[in-house]
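Inspection log for the structure reproduced underneath, given as structure tokens.
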Amino acid sequence: MDDGSDFDRDWDDRFEGLSEDWEVIERVLPDGWQEAARLTGALRRTRGFKDAASLLRVMLIHLVDGCSLRETAVRAQAGGLADVSDVALLGRLRGCGEWFRWMVEQMSRRLSTTTQDVLVGKRVRLVDASVVCEPGATGSTWRIHYMIDLSTLACEQLQVTLPDEGETLTRFEVRANDILMADRGLAHRRGIRHVVAGGGDVIVRSNMVSVPLEDGKGKEVALLPKLRKLKVGEAREWPAFMRDDQGTIALRVCALKKSAEQKRKAQDKLREVASKKQRNLQPDTLEAAGYVVVLTTLREVSAQNILELYRHRWQIELAFKRLKSLLQLGHLKKTDQVGAKAWLQGKLFVATLIETLIAVGERFSPWGYFLSAEQGAPLSLA
């Protein structure tokens, strides 16, 4: 996964004022979104708000523009959208979490195909973390740890900690048949043991260091010599074991060789980071950047499908890049678990909304209709 720097550079230019583009937004919201506001409890009472549309528009001011609740209330009143206090807005936000989740689930179905047909009876959970820096000279910094259902983009678990508290899978509850999918920062022996002990499985990106591997005889597995034999587009796997103070866990190492272009980008990024931190870059680290290596405890799925499932995580990669940028806009409700979860779910809704707008963007035109007979078809000059 790249760092999203290209996205970050054009974020403000492309989506500044998104909360004001209501006519466009309304066209891509899922069918039944207004009724869902009532059914999920977001709009049980209309005091202060005329309807679901006014409620959502006010929430977008808070979630997209990064306004505090007090500033959001002022802007909502000035725009004739609602007449509520900041305290009342917090109550509304807390009640919107399930509504946001429902809309994200509906819209995410348009954005991605799924490989979960090979995982009947399993639940795929994406685990990640992001540092949130609140705005202002005295703004605090927090780390937000979250678990999201990959098929619906619903936030299922969330913790807010100080930024120096590390990322670990042990923060999350695990149930039988859960598959926890995570990036390299969460690939640690203690976390893998925690998931397996809870009856789940893992699919984690390997950083080649934090999870030492051995073969059935207890000898260290040297991965680079194996990886060097890979061809671009070829999925391979090798058996391995992870050892800790409780014994061993059987793993599969699934790997692909990157294209020359992706390898170059990954190595350039490593050089840049090493230069900034004034660290020496080891030759093996640089070489390993030319491969994608995934560790899994799953047994019944082919290496190709494991890697395809991991790729499915990146089918929503841009949405998560946008989420990480959106998390920097606004004030995290860190002392209120329900409010914090609703806030994150709202940020997920905005990220998914933006992805939806991009996906269907070419279907809009400045004159309001299509020139081709078939809507959305490329314009032919023949």
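Backbone N atoms of the range 207-229 closer than 20 Å to the 7 Å Cα→Cβ label point of THR248 belong to residues 208-224, 226. Overall, the range 204-315 carries a charge dipole of about 480 debye about its Cα centre when +1 sits on the Cβ of Lys and Arg and -1 on the Cβ of Asp and Glu, all other atoms neutral.
Please report CYS67, CYS133 as a ranked list, fewest other C-beta atoms within 10 angstrom at the top and most at the bottom.
Numbers: CYS67 21, CYS133 13.
Lowest to highest Cβ neighbour count: CYS133, CYS67.
List SER151, SER259 from most exposed to least, where exposure is judged by having the fewest other Cβ atoms within 10 Å. If you can, show how the numbers build up before the last one.
On the way: SER151 17, SER259 12.
With the fewest neighbours first, SER151, SER259 line up as SER259, SER151.
With 0.36 nm allotted per residue and the present C-alpha distance subtracted, the SER275-ARG45 stretch has 77.2 nm of extension available.
With each label modelled as a point 7 angstrom along the Cα→C-beta vector, the ASN177-LYS231 pair spans 4.0 nm.
Among THR356, THR152, THR141, THR72, sorting on how many other beta-carbon atoms sit within 10 Å of each Cβ, with the fewest leading, yields THR141, THR152, THR356, THR72.
None of the figures in this text is laboratory data; all of them are computed from the coordinates on show. None of these values were measured; they are calculated from a predicted model. Positions of Cβ are backbone-derived with ideal geometry, glycine not excepted, and every protein chain shown enters the neighbour counts.
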